[in-house]
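Each remark here refers to the structure printed beneath this line.
Read-outs throughout are calculated quantities, based only on the coordinates presented, and are distinct from any laboratory measurement. Computed from a prediction, not measured in an experiment: that's the story for all the values here. When we count neighbours, we look across all protein chains shown, and the Cβ atoms used for this are built from the backbone with ideal geometry, even at glycine.
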Amino acid sequence: MTSFAERFPEISDIRVKVFSVRGAIAPRTPFREFGFSVPEYVECSNPRCKNGRFRIWPVIAMACSRVDVTFHKSSVCNGNERSRNPRIPCLYTFTIEGEITYKSNEPKPG
Ligand SMILES: [Zn+2]
């Protein structure tokens, strides 16, 4: 398994907030926050959701390819709600916001 540092050697620091909510993000919406050990994906926070997950690394890879220092992406959950009808989609939305520090942009010490 590839670690974050192996996958993104150009990143010296990162901060990512992940929201997984039904509806819009409010100022007090709870979120999960990750530092340098950002997982490859996060799971949906809907307790009834089955197989809902959001892959974070591809979003970071896209930001890296453009050397963006901030990124933001929203995506509807790809899971389904557990119910008798297996085709009810999960209505939660993942939103991620992040900031990246690149090694090439770090101030040189001294
Ligand atoms: Zn979901």
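Restricting attention to segment 58-70, does a residue exist that is within 15 Å of the ligand (Cβ to nearest atom) and under 16 Å from the mean Cα position of the chain (by Cα)? Looking through segment 58-70, none of the residues is within 15 Å of the ligand (Cβ to nearest atom) and under 16 Å from the mean Cα position of the chain (by Cα). All conditions but one from (1) among the β-branched types (Val, Ile, Thr); (2) assigned to a loop (DSSP other than H, G, I, E, B); (3) surrounded by 13 or more Cβ atoms within 10 Å (Cβ to Cβ) apply to ILE60; the one that does not is (2). For segment 69-110, a tally of residues being of a type outside the set (Val, Ile, Thr) and surrounded by 12 or more Cβ atoms within 10 Å (Cβ to Cβ) returns 20. Give the residues of segment 34-56 that are surrounded by fewer than 16 Cβ atoms within 10 Å (Cβ to Cβ), more than 16 Å from the ligand (Cβ to nearest atom) and closer than 14 Å to ARG7 by Cβ, sorted by residue number. Across segment 34-56, the qualifying residues are PHE36, SER37, PRO39, GLU40. With respect to the conditions (1) in contact (Cβ under 8 Å) with a residue 60 or more places away in the chain; (2) under 17 Å from THR101 (Cβ atoms), GLY23 lacks only one, and its number is (2).
The single condition from (1) within 15 Å of the ligand (Cβ to nearest atom); (2) among the basic types (Lys, Arg); (3) assigned to a strand (DSSP E or B) that ARG87 fails is (3).
Scanning segment 31-57 for residues that are assigned to a strand (DSSP E or B) and over 11 Å from VAL16 (Cα atoms) yields TYR41, VAL42, GLU43, CYS49, LYS50, ARG53, PHE54, ARG55.
For segment 10-30, residues that are buried (at least 17 other Cβ atoms within 10 Å of the Cβ) and either of a type in the set (Asp, Glu) or part of a loop (DSSP other than H, G, I, E, B) (or both) total 0.
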